[in-house]
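Okay, structure first, notes after.
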Amino acid sequence: MRKVIGIGETILDIIFRNGQPTAAVPGGSVFNGIVSLARTGVPVSFISETGNDQVGNTILQFMQDSGMSTEYVNVFPDGKSPVSLAYLNEHGDAEYIFYKDYPKQRLDVVFPKLEEDDIVVFGSYFALNPVLRDKVQDLLEQAREKKAIVYYDPNFRSSHKDEAIKLTSTIIENLEYADIVRGSIEDFFYMYNQKEVDKVYKDKIRFYCSNFLCTAGAKEISLRTKSITKEYAIPPLEAVSTIGAGDNFNAGIIYGLLKYNVRHCDLGQIDEATWDKIIRCGIEFSADVCRSFNNSISPEFARQLPPIN
């Protein structure tokens, strides 16, 4: 069976509503989606790091409870596990404050072996950080060599917008490795100072990666490929929290790629009807996670999904 390999940070999100702490849940952009896929029964591996402390123990226990192996998580003896404070507004959208204290030695783990048609997920500043770049690139090179599908979510936050020009060459490298790019319109505004989907695709993405998905919160989803230009409406939803919305849209897309048996050799010729079904999976995953303070789909939602053979 095909497997999904994610690489990214783990963090404890402390969620505030009306100025009061409401929940504390393990998170991280790639992490949230991988947890959701694990709950659907998809074989997953997650490459990350955490501290040898209470926060780290909470994250590792959460992974085990979600049916995930911790084999590829480096527990570092120095430094502390990262924490974020997420302040929700009346729409369930978050503003973040991050607290991080990493050691000098990072990501000291052996990677899982990849096979053709596996799916590798990466993104965020983790995929741009010069300290981690060699490790991330090792995985991406292995994915390219083995013909695994590479899924890239830039998840580029406003806190890094002043570094965007300096990071351009690394972003381009990531786009070159990617088979599918999915980002929010905010990501591309902070990266390129651009909010028009077609201009982002034509000027910044298409030359490197032809399959592009762009989300815009509760607004429409845009799909751009070599042959398809299409917008998808999102059903209205009363959101409790949107923290994991994009991450779980990614998880739903990946679930759809597996469910509808899209392989590496198919990537340049996915037809519109198949994209419609895949994107519906993304919308459903994202909607479920918005109904609670959790960063991943609920076990109840996962149980009602048909198994992937």
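No value in this document is a laboratory result; all are computed from the given coordinates. All figures in this text were calculated on a predicted structure; none of them were measured in a lab. Virtual Cβ from ideal backbone geometry, glycine too; neighbours counted across all protein chains shown.
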Among residues other than Phe189 whose Cβ falls under 13 Å from its Cβ, what is the net charge (Lys/Arg +1, Asp/Glu -1)?
+2
If each of Arg263 and Ala218 carries a label point 7 Å out from its Cα toward its Cβ, how far apart are those two points in nm?
4.3 nm
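Fewest Cβ neighbours within 10 Å first, please rank Thr242, Thr50 accordingly.
Details: Thr242 19, Thr50 27.
Lowest to highest Cβ neighbour count: Thr242, Thr50.
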Within region 109-163, which trypsin sites (Lys or Arg not before Pro) sit in a loop by DSSP and count at most 14 neighbouring Cβ atoms inside 10 Å?
Lys113
Of 223-234, 55-66, 121-132, ordering from highest average Cβ density within 10 Å down gives 121-132, 55-66, 223-234
Lys202: which lysines have alpha carbons under 16 Å from its alpha carbon, excluding same-chain residues fewer than 8 sequence positions away?
Lys226, Lys230
What share of the DSSP beta bridges in region 4-303 is antiparallel, in percent to the nearest 5?
40 percent
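Percent antiparallel among DSSP beta bridges with both residues in region 160-236, to the nearest 5? Could the numbers behind the result be given before it?
Working: 7 of 12 bridges.
Roughly 60 percent of the beta bridges in region 160-236 run antiparallel, per DSSP.
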Net charge near Ser45 (other residues with Cβ under 13 Å of its Cβ; Lys, Arg +1; Asp, Glu -1) is 0
Centroid-to-centroid separation of region 228-283 and region 102-167 [C-alpha atoms, Å]
22 Å
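Suppose only helical runs count, i.e. DSSP H with n ≥ 4. What mean residue ellipticity at 222 nm does that imply for the chain under -39500 (n - 2.57) per run, divided by all residues and rounded to the nearest 500 deg cm²/dmol?
Details: 9 runs with 98 residues, N = 309.
Taking each H run of at least 4 residues, the total per residue is -9500 deg cm²/dmol.
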